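Below: one structure, written as structure tokens.
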Amino acid sequence: MDLGMEWINYTLFLLGGAPVLLVDLVSSVLGLTCVFLAGRNSKYNFWVGYLYTAALFCLFWNKNLYAMLFLQPISLTINIIGHWRWTHPKKGEESSRGDLKVTKLSMQQRILGAAAVVLLSGIWGWMLNTVFPNDPHPYLDTVVTVLILYAQLLSALKKWDCWLVWLLVNITQIILHISVGNVFMPIVCALYLINGIWSLFGWRKLYNNENK
């Protein structure tokens, strides 16, 4: 299918013999900016997130990673919900700044969340392998996809646990990008990983301060 997106194959430079495309750089800058702002508890991460979603749609179309591709409309919806929740907290959910305060999942919620990720990844991977046999790694593709959805949902609800899931996302994304021959994106994902660790401790401090 021709979507009129030939520009996504424009090569900026070579890294380790592999081409770094314009869409790679654009999505990387937007993604890093988005997670940096989220880690700093800034509501402006959502505005950058809207642009990031559009860039990722182009990126995954180019790589034939269809689970990640079809994630983007869902991701956009979660982004909109999160934007609203962060800026319009219910009574009793407000931080001292007036926005949504950081909370944590219970142990039961964590167990149920992990089980849901495993189940959905297996079902979606099987469906993807059946419908799109040219996806190079359907099950790894879907594991990353489901983890991202879960992490985004937790981020939208401002749960501290989101950063634990984002760390899993970053690690699996590094594996996925290396497996399809990307050289540039694993480096970017490593930066995500560093930001995730930093944000994990930053949000824990926020949680302790807001839930005394």
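None of the figures in this text is laboratory data; all of them are computed from the coordinates on show. This is a predicted model, so every value here is computed, not measured. Virtual Cβ from ideal backbone geometry, glycine too; neighbours counted across all protein chains shown.
From the helices alone, meaning DSSP H stretches of at least four residues, give me the mean residue ellipticity at 222 nm for the chain, per-run term -39500 (n - 2.57), in deg cm²/dmol to the nearest 500. Intermediate results must be reported in sequence, preceding the final value.
Details: 7 runs with 148 residues, N = 212.
Calculated at 222 nm, the ellipticity per residue is -24000 deg cm²/dmol.
So what are the ³J(HN,Hα) numbers for the stretch 171-176, from phi and the Karplus equation (6.51, -1.76, 1.60; θ = phi - 60°), rounded to whole Hz, Gly and Pro as x?
Going residue by residue, I get 5, 5, 5, 4, 4, 5 Hz, with x marking Gly and Pro.
I need the phi-derived Karplus couplings for the stretch 187-194: 6.51 cos²θ - 1.76 cosθ + 1.60, θ = phi - 60°, integer Hz, Gly and Pro marked x.
So the Karplus estimates, Gly and Pro as x, are 5, 5, 5, 5, 5, 4, 4, 5 Hz.
In nm², what is the average projected area of the convex hull enclosing the Cα atoms of the stretch 141-212? Present the calculation step by step, with values, prior to reporting the outcome.
Details: hull surface 18.2 nm².
Directional mean of the projected Cα hull area for the stretch 141-212 stands at 4.6 nm².
Calculate one ³J(HN,Hα) per residue across the stretch 148-155 by plugging θ = phi - 60° into the Karplus curve 6.51 cos²θ - 1.76 cosθ + 1.60, and present them in order as whole Hz with x for glycine and proline.
5, 4, 5, 5, 5, 4, 5, 5
Quick one: order MET127, MET185 by neighbouring beta-carbon count within 10 Å, fewest to most. List each step's numbers first, then the result.
On the way: MET127 13, MET185 23.
By the 10 Å Cβ count, ascending, the order reads MET127, MET185.
How long is the stretch 42-149 along each principal axis, judged by its Cα atoms, biggest number first, in Å?
Computed over the stretch 42-149, the largest-to-smallest principal extents equal 51, 34, 14 Å.
Among THR103, THR145, THR130, rank each residue by its count of other Cβ atoms within 10 Å, from fewest to most, as a rough exposure measure.
On the way: THR103 14, THR145 28, THR130 9.
Neighbour counts put them in this order, fewest first: THR130, THR103, THR145.
So which residue, out of LEU21, LEU32, LEU112, gets the largest mean-square fluctuation from a GNM of the chain using Cα contacts under 10 Å as springs?
Comparing LEU21, LEU32, LEU112 in the GNM, the peak value goes to LEU112.
Evaluated at 10 °C with a viscosity of 1.306 mPa s, what Stokes-Einstein diffusion coefficient in µm²/s does the stretch 53-98 have when Rh comes from the Kirkwood expression over alpha-carbon pairs?
After rounding, the answer is 129 µm²/s.
Which of LYS63/LYS159; LYS91/LYS212; LYS63/LYS158; LYS90/LYS212 have a Cα-Cα distance over 26 Å? Show your work: numbers first, answer last.
Values: LYS63/LYS159 31 Å; LYS91/LYS212 17 Å; LYS63/LYS158 31 Å; LYS90/LYS212 19 Å.
Result: LYS63/LYS159; LYS63/LYS158 exceed 26 Å.
Simple spin-label model, 7 Å along Cα-to-Cβ: ASN209 to LYS91 in nm?
2.7 nm
Based on the alpha carbons, how large is the Rg to Rh ratio for the stretch 105-175 when Rh follows Kirkwood?
Details: Rg = 12.8 Å, Rh = 12.6 Å.
In the stretch 105-175, Rg relative to Rh is 1.01.
Arrange TYR139, TYR44 by Cβ neighbour counts within 10 Å, fewest through most, would you? Spell out each step's value before the answer.
On the way: TYR139 16, TYR44 13.
Neighbour counts put them in this order, fewest first: TYR44, TYR139.
Kirkwood Rh over Cα pairs of the stretch 80-212 into Stokes-Einstein at 25 °C, 0.890 mPa s: D in µm²/s? Mind dumping the intermediate values first?
On the way: Rh = 16.2 Å.
The calculation lands on 151 µm²/s.
For the chain, set up a GNM with springs between Cα atoms under 10 Å and report which of LEU119, LEU37, LEU100 has the largest fluctuation.
Highest fluctuation of the listed residues: LEU119.
Under the rule of at least 5 residues apart or a separate chain, name every residue whose amide H is placed under 5 Å from the amide H of LEU12.
Placed amide hydrogens put VAL20, LEU21, LEU22 under 5 Å from LEU12.
Charges on Cβ only, +1 for Lys and Arg, -1 for Asp and Glu, centred on the Cα centroid of the stretch 86-212; of TRP86, ILE187, SER96, which one is farthest towards the dipole's positive end?
SER96
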